[in-house]
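Working notes, structure below.
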Amino acid sequence: MKKLMIKTVILAVFVAMNLGAKAQLTGRQIVEKAYNLPTGKEQTSTLTMTLINSRGNTRVRKIKQFKKDFGDVEKKIMFFISPADVKNTSFMNWSYDSDKPDDQWIYLPALKKVKRISSDSKSDYFMGSDFTYDDLGDRKLDADVHKLLREETVNGIKCYVVQSIPKDEDYMYSKTITWIRKDNFVGVKKEFYDEDGELLKILTIKKVEKISGYWVITKSEMKNVQKNHKTIIELSNVRFNTGIPASTFTERMMMRGL
Amino acid sequence: MKTKGLFLTMFLVITMLVNAQENVGITGFARTYEGVNLETGDFSIIQQTLNLSFDKRGEKVAFKANPMVYHYNSDSLSFNLREIYADMYFKNFDLRVGKQQIVWGKADGVFITDIVSPLNLTEFLLPDFDEIRIGVVSAKMDYYIGNSTIEAIWIPQFTPTKTPAPNSIWYIKPEFPAPATFDWSKDKINPSLENSEFFLKYSAMTSKIDFDLMGGYTWDDNPTMHVQKHFAIDTTTMPPQPMLTGLTITPEHHRLTVGGASFSTEIKGIILRGEAAYYDGKYFQTTDPKAQDGIVKKNYLHYVVGLDFSIGDLKLSTQFIQQYILDYNDMIYDDEMINTATFLARYDLFRETLHLELFSYIGLTNEDALIRPKITYDFDDGFSILLGANIFVGDENGMFGRYQDNSMVYTKIKYSF
């Protein structure tokens, strides 16, 4: 549940940023530009996650989320709306610009208390979906070694194809390959390879919209090709810079809920 | 049964009326719970539950009402208004007035500074914790300063721990050396300003550590048993000896002053938690012949330290708990120290639709345990099927071992809406 806002929603929440660079960029530079796309100081949205299993059965999770950048710390809070058994659960994350690990808390209405939880579980799958916390969040740029493999045209769009190999050999992916648009550094597709080097998952960006001047991926699909199940994430009610008070990101609001 | 039927009818009518109102949220669950005693094959419990929660919230005010209906066996109906309160929101503080459950502290499954809401132990520690806690009629104010909170609570009417009835499988019949009669005249605390309970807590949530400091001027939720012995002279012995012929036992709740603290922090991916409460004067039973009413007042410490961590996808949590009577002497009936541990392992499979869990209380002093494995399958969103067991093992004098005849397997099917 760590990094779940939209910039955030996928490694590739990539907003338009035309650099007009003539010189050939390195793999790291391309990924850095994609990571650093502007997403606004504040953001509010509703996230709907549809989990589809191999038989086509669906389960739906709905979350209302808020994010605010305080300079050296970015705070996010999420309120679970459905399904009914997790309703009123809330989750808060404080992410630091420094190397300090995130702080995270969860409020479980049945326990009636806010619990601090470990942020050391970025490889866990989020709410049973096909997205890990790392897939959803801003994985640190230098956690991987990036290499530009080639340039390729996908559906008529010119893309960089970048391979990223984690520095941590025990990481759940042996490598990822990302297709990033040359014109605006928005992600188009990403492949995830398991520890044996076999293709595990494919992330496909289905819809990108410009909202309040920011490009936002409003629909994406992650498919596990080994187990033949997938997750579709859709964002709605996306709003930027609406003046979210700092008091939103407190224990008080976690317990009070929406 | 007529009264209960009327109650239920009113309850359903109110539900329909509230449902007809706009903007009142209704959530809750329906649950069936059946348990079978492992030794006898008899049903330990046959329980159907309907839990309804009505919420309405505006910008400045809110209310919640949470009635619950328990249906036992084929004919026994129990209604419980678990919570009903109103909230008022101000810029820097909130007020909550009414019957409410209040939860304090950082420990899981044990109650250290979490002493505001008393416990319903009629089914020992087996129900979910939100069903073990009893709501208290109180006024609570939370004042917020940044990420810190000062919480003040006033409880005008004392509510004691609810214990099992004598016909319950969880009732432990006390043993006396002579026939005992009970005098219940001092068991009740009349609601008054003088008899009110007060609690105060300061809590802070920071990037390095979360911590609470608490204090309470309260009543002991469990009554102290004042024992008066009656003697006769045994003339059959030479010389004649005094002979114990009977006991008068007077349960009485006493005032307690409690101070405590708790913290929670993360160290290299591991959550370290701690919590302690110090009781300034708590009564204990003693065999000291000079002690009045067979009781002695001692200070008492109750604390826990715990860790939460993961090994791969396996989530683990463990706690060490100690109860310690200060200035102890060997005539006190309770042990000087009682050490307990808890252990929790949890593993989720199949995209978090199948959950395996093992939770245990381990009595280190008496070498006994309650082992609680369970498997939960989320058949659909909000619909779960649970198969579990409660295994009591170890020393019959221990808190858990004493219930070894009550080991059971059970199933719960729950639909949340």
Residue in the stretch A:140-162 that is under 17 Å from the mean Cα position of the chain (by Cα), hydrophobic (A, V, I, L, M, F, W, C) and crowded, with 17+ Cβ neighbours inside 10 Å present: no
Looking across the stretch B:289-300 at residues that are surrounded by fewer than 17 Cβ atoms within 10 Å (Cβ to Cβ) and in a strand (DSSP E or B), the single one that is farthest from the chain's Cα centre (by Cα) is B:Lys297
Where B:Ala178 falls short, out of the listed (1) of a type in the set (A, V, I, L, M, F, W, C); (2) touching a strand residue (DSSP E or B) at 6+ places or on another chain (Cβ under 8 Å); (3) surrounded by 14 or more Cβ atoms within 10 Å (Cβ to Cβ): (3)
Residue ID - farthest from B:Glu151 (Cα to Cα), chosen from residues in the stretch B:93-116 that are more than 9 Å from every other protein chain (Cβ to nearest Cβ) and without any contact (Cβ under 8 Å) to a residue 60 or more places away in the chain: B:Phe111
What residue, of B:Gln101, B:Gln47, is in contact with a His (Cβ under 9 Å, 6 or more places away or on another chain) and of a type in the set (S, T, N, Q)? B:Gln47
Total residues in the stretch B:262-281, condition touching a residue at least 60 places away in the same chain (Cβ under 8 Å) and surrounded by fewer than 21 Cβ atoms within 10 Å (Cβ to Cβ): 3
List pairs: first residue in the stretch B:126-138 and among the acidic types (Asp, Glu), second residue in a loop (DSSP other than H, G, I, E, B) anywhere in the structure, Cβ distance under 6 angstrom, at least six positions apart or on different chains. B:Asp130/A:Ala110
Has the stretch B:377-384 got any residue that is away from every other protein chain (no Cβ under 14 Å), over 21 Å from the mean Cα position of the chain (by Cα) and either surrounded by 15 or more Cβ atoms within 10 Å (Cβ to Cβ) or at pLDDT below 95 (or both)? no
If a residue counts only when it is under 27 Å from B:Gly105 (Cα atoms), which strands (runs of 3 or more DSSP E) contained entirely in the stretch B:192-288 have at least 2 such residues? B:197-205, B:209-219, B:255-267, B:270-285
Quick one: count up the residues across the stretch B:64-89 that are at positive phi and touching a helix residue (DSSP H, G or I) at 6+ places or on another chain (Cβ under 7 Å). 0
Selected residue (criterion: modelled with the highest pLDDT) from residues of the stretch A:119-150 that are more than 14 Å from chain B (Cβ to nearest Cβ) and within 27 Å of A:Asn53 (Cβ to Cβ): A:Asp135
Which residues, taken from the stretch B:34-62, are of a type in the set (A, V, I, L, M) and either in a strand (DSSP E or B) or surrounded by fewer than 17 Cβ atoms within 10 Å (Cβ to Cβ) (or both)? B:Val36, B:Ile45, B:Ile46, B:Leu50, B:Leu52, B:Val61, B:Ala62
From (1) within 14 Å of chain A (Cβ to nearest Cβ); (2) of a type in the set (Asp, Glu); (3) farther than 27 Å from B:Ile112 by Cβ; (4) not in a loop (DSSP other than H, G, I, E, B), pick out the condition that doesn't hold for B:Asp308. (3)
Check the stretch B:23-33 and report whether any residue there is touching a strand residue (DSSP E or B) at 6+ places or on another chain (Cβ under 8 Å), in a loop (DSSP other than H, G, I, E, B) and modelled with pLDDT of 95 or more. no
Within the stretch A:99-108, track down each residue that is more than 8 Å from chain B (Cβ to nearest Cβ), modelled with pLDDT of 85 or more and in a loop (DSSP other than H, G, I, E, B). A:Asp102
Which one of these is loosely packed, with under 14 Cβ neighbours inside 10 Å, within 14 Å of another protein chain (Cβ to nearest Cβ) and either modelled with pLDDT of 95 or more or farther than 30 Å from B:Gly388 by Cβ (or both): B:Lys140, B:Lys208, B:Lys186? B:Lys208
State whether the residues of the stretch B:104-121 include one that is of a type in the set (Gly, Ala, Ser) and under 23 Å from B:Pro373 (Cα atoms). yes
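The values are calculated or read from the model by the stated rules, or taken from the named source; none is laboratory data. Small disclaimer: the values here were computed from a predicted structure and weren't measured. Positions of Cβ are backbone-derived with ideal geometry, glycine not excepted, and every protein chain shown enters the neighbour counts.
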